[in-house]
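Undergrad: Please read through the structure below; I'll follow up with questions.
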Amino acid sequence: MKGRPYTQNYSCGSARDVRERLHQWYQHFLGEQLLAAESTCLDAMITDLFGYHFLQIGGLCDDYSLSDASRIPHRIHMELELRRGSDDTSMFADAAALPIAPESVDMVLLPHVLEFHSNPHEILREVERVLVPEGHIVILAFNPLSLWGLARLMLGWRKRVPWCGTFRTMTRIKDWLQLLGFDITEQKGVFYRPPFPHEKTMQKLAFMEKLTKFDLPIAHATTILVAQKRTVTLTPVKTPWRSPRLVAGTAVEPSTRGMGRRRG
C-alpha cells in the first residue's frame, strides 16, 4: 500500500524451503536469543488456558517445544510441509485446509505462520472452524513498526528468512480476528533489543529489555496475541414443562430437552 513501506512484499521461495530456513535461523545466535524471550513470555500466557486438545501449527526450531507450559493434556504438533529428515509418520498439512473436524480443538498456536503464507486470512478462518466455542488462538508475529521491521526493509529483497516474510501490524491481525468472531484477551511485546547478530553487542544492550514495562508498540521485535472464540448465544425456545420419565426399575431419567452442551 502506498505510504506504508512495511507492507512491501518479498518472495521467500517455496513453503518447505521457508520453514527449513526459519528452523535454521532460530538455531543461530540472534534466533536463539529471540526464541528464549518468546518462550518465556509464551509460557506465562498459556499456562492458565485449559482444555483437552492443543494444536501447534508449524515450529520454530528442531527438538524445541513451545507447548511444554500448557496444562492441556493432548498436544499435537502439525508441520506445514514435510520437512527434510522427517519420517513417514510426521504430521503435516496446509494451514489453510486443516484435516481436523470442526469445533474439536481447545487451543491453536501459530508461531510465525501468518508472515510466510500467501493467504493468512484463510488460516485464521480455518482456526476459527476447528476451535471449540470459547477456545483460544495464540499468535506469534514479527512487529513491522520496529527496528526489526526496518531490518526487513533492508534485507528482505535478499530473500533471507525471516526478513523476506510479510510482517503485518497487530491492528490488521486483530481486525481479521474480530471479524471472525474473536475477542482479544491478551497482548504482549517481546524482545526490545535491535536485531544485531553479535553477542557482545547484545549483552551491552540488555538494559533495553527494561522497556518491557512500558510496552511501546514500536520497540519490540515480536508480539504474542491471545484471542478467544466467542460463544454464539441462542435465544431459548420455551417448551411445556414435562416431568422426568420413569425407566424400568426405580431409576429416574431426566429429560434432555433444552440442555445445552457443557464443557468440563
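Undergrad: Place the peptides 106-117, 39-50 in order of packing, highest mean first, counting for every residue the other Cβ atoms within 10 Å and averaging per peptide.
TA: 106-117, 39-50
Undergrad: Would you count, across the range 5-235, every pair of lysines whose alpha carbons are under 17 angstrom apart, provided the pair is eight or more residues apart or spans two chains? Present the calculation step by step, with values, prior to reporting the outcome.
TA: Values: Lys174/Lys188; Lys174/Lys229; Lys188/Lys210; Lys188/Lys213.
Value for the range 5-235: 4.
Undergrad: Take peptides 200-210, 183-193, 136-146 and line them up by average Cβ neighbours within 10 Å, highest first, as a rough protection proxy. Each step should come with its number before you reach the end.
TA: Working: 200-210: 11.5, 183-193: 17.9, 136-146: 22.9.
Ranked from most to least packed, the peptides come out as 136-146, 183-193, 200-210.
Undergrad: Let's test this: bin the Cα-Cα distances of the range 5-235 at 5 Å from zero up to the farthest pair and state each bin's percent.
TA: Calculated over all Cα pairs of the range 5-235, the distribution is 1, 6, 14, 19, 21, 18, 11, 6, 2, 1, 0, 0, 0 percent.
Taken together, the values in this text are just the output of simple stated rules run on the coordinates, not laboratory data. Predicted model only: the values in this text are computed from it and were never measured. Note: ideal-geometry Cβ built from the backbone for every residue, glycine included; neighbour counts use all protein chains shown.
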